[in-house]
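Working notes, structure below.
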Amino acid sequence: MKAMRLHEIGKFTLDEVEVPEPQGREILVKVDACGICGSDIPRVYELGTKVYPVTLGHEYVGTVVSVGNDEDQELIGKTGAVYPVVPCMECPSCRIGQYAQCESYKNLGSRTDGGFAEYCLLPSRKHLVFPENTGVSPEQLALVEPACVALHAIHKGEIKGGDTAVIFGAGPIGILTARWCGMFGIRAVLVEISEEKTEFAREKGLEVISPADGEIPEQIRTMTGGHMADAVIEGTGSSPAWNQAVECLKPFGMLVLLGNPHQDTVLKLDSHSQILRKELRLTGVWNNYYNDLPFNEWQYTADRIADQSLKVDDLITHSADLEHLKELFDQIYNREITICKAVCRP
C-alpha cells in the first residue's frame, strides 16, 4: 500500500509498505479521508516526531476491512471516525477515563502510524466511533476530531446559553466553536487578523471583528453595551491575543486557553493585574473527552455532524490524494495558499 511517512524533519515521502495484518484485538481500516491538522505542518518542517519513520495523519475516517478477533467480524464494512489517542490504561489519568492526560500515551499519526495511507491498523474497536446516521460522507466525519476540540473548549469554559463568548482565531476550530455556540444559544464573536479568514467566516454568517476596525477590547465593549465577555476562548497561542483576551473579559469571567503556542508567550504586567483585580478564572484545554461518563464528546459530535446539526462540509476548501499530498503541505507551509480545512482522500 501507499503511505505518506515522515523519516526526519523535512523528509516527508510517499512510500510503498506492506498492508498490516490485524492480530488479536486489532482492526484494519481502509482510510476514506484524513484531515490536515495545523499541528501536522510544523511536525513535517520544524518539530519532527518522537519516532521515525511514521505515517502522519490523526483526523481520519476508516471502513473496517479486516479484524484480528472473530468477535469483531460484525464491524466489517462499517465506517467510523478514528479516535487517535492510544492510552496506556494504567496511569492515574487513564484509570479515571481522562485519556487525554495519559502519562505514557501513543498517538495514531504522530507516535504510531496514522491516516495518510491507504490502510491503517487500529489497536482495537474502541478507536472507532460510528454515527447513528450512516449516510454522512467520510469527508464530513474527518472533521469529528477538530469539532470535538471545539466542543471541549466550551465544556471546559462552562459557557452556557445566554453568555457572550469571544473566540480568538477564525480558523476551522474557531469557526466550529462559533457554530457549537450557535447551537447552544451562546453569542459568539470571532476575532481574526487575516483579511481572508475574516471574510471567509463572515460569508458563513458568523460575527467577526478585526483589529483593522479598532482596538479589540473597545469593539467588544461597544458590542456588549459595556458588559464585556462572559468567556474568551484564546485559540491562537500568541502573546497579543492572550493579553487582549484578559482585557475583553468582565469580572469573574472565564479565560479558556485553547491555542497551542509554538514559542514563549508573554503576559503583560497590566494583564496580570487585571486577572487579579477581576478575579478571572482560567482553564487549559487539551484535546477532548472520550468516555461515556459523564459525556462522550466524540459520539455526540459524530452524531451531530451526521444529522447535519453541525455543518462542516463547507469548511473543506482544499483536498489532495496521496500522490499530491506533499505538494499541498508545501503550499500551506510556504503560505502560497490560504486554507480553512484541507483533506486527503487516499
Name the residues in the stretch 148-184 that are in a loop (DSSP other than H, G, I, E, B) and open to solvent by 10 Å² or more (accessible area, probe 1.4 Å), would you?
E158, I159, K160, G161, G162, D163, G169, G171, F184
Would you check if there is a residue in the stretch 247-264 being at pLDDT below 95, surrounded by fewer than 19 Cβ atoms within 10 Å (Cβ to Cβ) and over 28 Å from V144 (Cα atoms)?
yes
Keeping to the stretch 300-327, report how many residues are surrounded by 14 or more Cβ atoms within 10 Å (Cβ to Cβ) and either more than 18 Å from the chain's Cα centre (by Cα) or among the hydrophobic types (A, V, I, L, M, F, W, C) (or both).
11
Quick test for you: out of E218, E196, E203, pick the one residue that is over 21 Å from G253 (Cβ atoms), without any contact (Cβ under 8 Å) to a residue 12 or more places away in the chain and not β-branched (V, I, T).
E203
Report every pair of residues separated by at least 6 positions or lying on different chains whose Cβ atoms are under 6 Å apart, first residue within the stretch 267-292 and open to solvent by 60 Å² or more (accessible area, probe 1.4 Å), second small (G, A, S).
W286/A100
Does the stretch 225-242 contain at least one residue that is assigned to a helix (DSSP H, G or I) and of a type in the set (V, I, T)?
no
Report yes if some residue within the stretch 328-337 is open to solvent by less than 40 Å² (accessible area, probe 1.4 Å) and more than 26 Å from W180 (Cβ to Cβ); otherwise report no.
yes
I'd like to verify a number: residues in the stretch 50-87 that are farther than 20 Å from V149 by Cβ and not in a strand (DSSP E or B), how many?
15
Quick one: in the stretch 111-136, which of the residues that are open to solvent by 20 Å² or more (accessible area, probe 1.4 Å) and in contact with an Asp or Glu (Cβ under 7 Å, 6 or more places away or on another chain) is nearest to K326 (Cα to Cα)?
L121
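Here's the yes/no breakdown for (1) under 19 Å from the mean Cα position of the chain (by Cα); (2) β-branched (V, I, T); (3) at pLDDT 95 or above:
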| residue | (1), (2), (3) |
| --- | --- |
| G24 | no, no, yes |
| A33 | yes, no, yes |
| G38 | yes, no, no |
| H58 | yes, no, yes |
| D72 | no, no, yes |
Conditions first: (1) over 25 Å from P261 (Cβ atoms); (2) buried (at least 18 other Cβ atoms within 10 Å of the Cβ). P87 passes all but one, so which condition is the exception?
(1)
Selection from the stretch 203-219 of residues that are surrounded by fewer than 18 Cβ atoms within 10 Å (Cβ to Cβ) and either of a type in the set (K, R) or touching a Lys or Arg at 6+ places or on another chain (Cβ under 6 Å) (or both):
K204
Filter the stretch 159-174 down to the residues that are at positive phi and either more than 19 Å from the chain's Cα centre (by Cα) or of a type in the set (S, T, Y) (or both) and list them by number.
G162
Test result for E158, over 26 Å from T55 (Cα atoms), modelled with pLDDT of 95 or more, among the charged types (D, E, K, R) and in contact with a Ser or Thr (Cβ under 9 Å, 6 or more places away or on another chain)
yes
Being open to solvent by 70 Å² or more (accessible area, probe 1.4 Å) and in contact with a strand residue (DSSP E or B) (Cβ under 6 Å, 6 or more places away or on another chain) is the filter; apply it to the stretch 185-202 and report the residue that is nearest to Q219 (Cα to Cα).
R187
With the condition being under 27 Å from K156 (Cα atoms), I'd like the helices (runs of 4 or more DSSP H) fully within the stretch 253-346 carrying at least 1 qualifying residues.
269-277, 297-306
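The values are calculated or read from the model by the stated rules, or taken from the named source; none is laboratory data. The structure displayed is predicted, hence computed values, not measured ones. Note that each Cβ is placed from the backbone with ideal geometry, even for glycine, and that neighbours are counted across all protein chains shown. Surface accessibility is based on the protein's heavy atoms, side chains included, excluding ligands, DNA and RNA. Shrake-Rupley method; radii C 1.70, N 1.55, O 1.52, S 1.80 Å.
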